[in-house]
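Report on the following structure.
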Amino acid sequence: MDLPLARAIAGRLDLVGATGSTNADLRAHASDADAWPHLAVLVTHDQTAGRGRLDRTWTAPAGSAIAVSVLLRALPADPAARGWIPLAAGVAMAEAIAEQLPTHDVAVKWPNDVLVDGRKICGILAEATTDAVVLGAGVNTAMTAEQLPVPSATSFAALGAVADDDLLLSSYLERLDGLLSALTVTENAVVSGLHGVVSARCATLGQTVQVSLPAGRSLEGVATAIDPDGRLLVESEGLEHAISAGDVVHVRPAGS
């Protein structure tokens, strides 16, 4: 598979037969800016040691999912604006998936998952290097219903669809580049339009949620909005709490 559409957008695109982690591989290349420029991409259909947030493992049978990592060098100068990068990736991937699943409800679960009909089809992981960000995504494509790791997961195949990987990647890269370019120019998620796009696609908003926090703490309330810094606002017992992605273990619908 040559992925010509995605290759035309990427700064560089390497498709590897198998690897432990595309994010780890791309981080190792990040110091070589000439060989690995902005929007350089690593892709595999066999990732054996993938990771999610908080070092959770992410594994899938060979050929059942696509793992893609993107190297970002053109970044907002403001660290607060950089906090929007995983959210931008989530909405870019959600839109790319929705393009191929037009009859399904495709949404973003704050802060880093893409859902189809309420079930997870993709996870996002952003990792900073000295002067770049490596953005990883894993999408369940050909994974059968029997191969799904948990009942709350889904895939293109489980939905009776065949994913066009090249279209998926090219649409994701094009949307991601557009959203992050606007954010980098404005240094402001509200002004760039990213805040509005993410809020409109976010399934978490309006839900009564159970937020698991470090040290065994938890918070239950209604997720009312995403603030200008990308934090989830949760109203509980008359008080508004701003929850940062880095402080969250889980966000679940209350009672689930």
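The values are calculated or read from the model by the stated rules, or taken from the named source; none is laboratory data. Bear in mind that the values here come from a model prediction, so they are computed numbers and not experimental data. Note that we place each Cβ from the backbone using ideal geometry, even for glycine, and neighbour counts take in every protein chain shown. For accessibility, only protein heavy atoms count, side chains too; no ligands or nucleic acids. Shrake-Rupley method; radii C 1.70, N 1.55, O 1.52, S 1.80 Å.
Here are the numbers for the structure shown:
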| item | result |
| --- | --- |
| For the chain, calculated [θ]222 nm from helices alone, where every DSSP H run of n ≥ 4 adds -39500 (n - 2.57) | -7500 deg cm²/dmol |
| Average accessible surface area per residue within the chain, 1.4 Å rolling probe, Å² | 43 Å² |
| Check: the chain dipole with +1 on Lys, Arg Cβ and -1 on Asp, Glu Cβ, in debye | 360 debye |
| Accessible surface of Arg252 - all protein chains present, 1.4 Å probe, nearest 10 Å² | 100 Å² |
| Under the span-like rule (Cα at least 27 Å along the axis, Kyte-Doolittle mean at least 0.0), DSSP H helices of the chain | 165-186 |
| Among Leu173, Leu72, Leu213, residue whose mean-square fluctuation peaks in a GNM of the chain (springs only between Cα atoms under 10 Å) | Leu213 |
| Gaussian network model of the chain, Cα within-10 Å springs - most flexible of Pro76, Pro61, Pro111 | Pro61 |
| Surface share of carbon and sulfur [accessible, 1.4 angstrom probe, percent] for the chain | 52 percent |
| Whole-Å semi-axes of the chain's equivalent ellipsoid (Cα gyration tensor) | 27, 22, 17 |
